[in-house]
Structure formats: structure tokens, C-alpha cells
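The values are calculated or read from the model by the stated rules, or taken from the named source; none is laboratory data. If you're wondering where the values come from, they're calculated on a predicted model, not measured in any experiment. We place every Cβ from the backbone using ideal geometry, glycine too, and count neighbours over all the protein chains shown. Remember, those area values only see protein heavy atoms, side chains included, never the ligands or the DNA or RNA. Shrake-Rupley method; radii C 1.70, N 1.55, O 1.52, S 1.80 Å.
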Amino acid sequence: MILTTTNSIEGHKIQDYISIVTGVAMTKKAATMSFSLTKYYTQVQQNVEIVKEEAFQKLMDNAKKTKANAVVGIKVEIELTTGNYVMVSITGTAVRVE
């Protein structure tokens, strides 16, 4: 599966634009504030990396369901909620390329 933020893929021709696909994930556990801001920021950073990977996996799974072999125009949004939960939403266009 080819994933890109651009609207085209160099060396490939887009044969079919299939649909918009998304992948959304959220942490199961909030980052907790402690006496050390370094530990808090490290927790948030680790949560973002974990949740981002989950969201990308869901995006790819949803694209595969449409028989796509690539996703173009990917946009990643990362949000830290007021409760210190990390949410990642990824959106792109599922396409079929040569």
C-alpha cells in the first residue's frame, strides 16, 4: 500500500479514484500531569506515536476494503483533548494505481 500526502505518485498513474477513507484512533489512557514536565511531555509524545500508528493501520485497512492499492492526499490531525487523551485522525483518497 502506497501512502502519500501528495495528490499524485511519481512513477505511477492513478487509474481510479475510489473514495475518501479515514483512520481514527485515541489513547486508552490519558497522559498524567506530575511534578516532572519532562515525564509528562514524554508520555504525550509516546502516546502520539502509538495512536498515529493505529490510525494509519485503520486507514490502510479501510482502503484495502475498497480494493485500493494506494492513498493520496493524506492529512493527519493530532489533538490533545482537555482530559489529556491523544486523538489522531487521518484522511485521504483511496485510489488504484498501475
Pairs, please: C-beta under 6 Å, at least 6 apart or cross-chain, first residue closer than 30 Å to Gly11 by Cα and in the stretch 72-84, second open to solvent by 80 Å² or more (accessible area, probe 1.4 Å) and not hydroxyl-bearing (Ser, Thr, Tyr)? Val72/Asn7; Gly73/Asn7
Can you name the condition, by its number, that Lys52 falls short on among (1) among the basic types (Lys, Arg); (2) under 27 Å from Glu98 (Cα atoms); (3) under 11 Å from the mean Cα position of the chain (by Cα)? (2)
Against the definition (under 27 Å from Lys39 (Cβ atoms), at pLDDT 95 or above and touching a strand residue (DSSP E or B) at 6+ places or on another chain (Cβ under 8 Å)), how does Ala55 come out, yes or no? yes
Which of the residues spanning the stretch 21-78 are assigned to a helix (DSSP H, G or I), open to solvent by less than 50 Å² (accessible area, probe 1.4 Å) and closer than 12 Å to Thr93 by Cα? Leu59, Met60, Ala63
Out of Val71, Val97, sole residue that is in contact with a Lys or Arg (Cβ under 8 Å, 6 or more places away or on another chain), among the β-branched types (Val, Ile, Thr) and at pLDDT 95 or above: Val97
Out of Ile9, Ile14, sole residue that is in contact (Cβ under 8 Å) with a residue 40 or more places away in the chain and either within 19 Å of the chain's Cα centre (by Cα) or open to solvent by 100 Å² or more (accessible area, probe 1.4 Å) (or both): Ile9
Out of the residues in the stretch 79-90 that are of a type in the set (Val, Ile, Thr) and within 18 Å of Tyr40 (Cβ to Cβ), state the one that is least open to solvent (accessible area, probe 1.4 Å). Val86
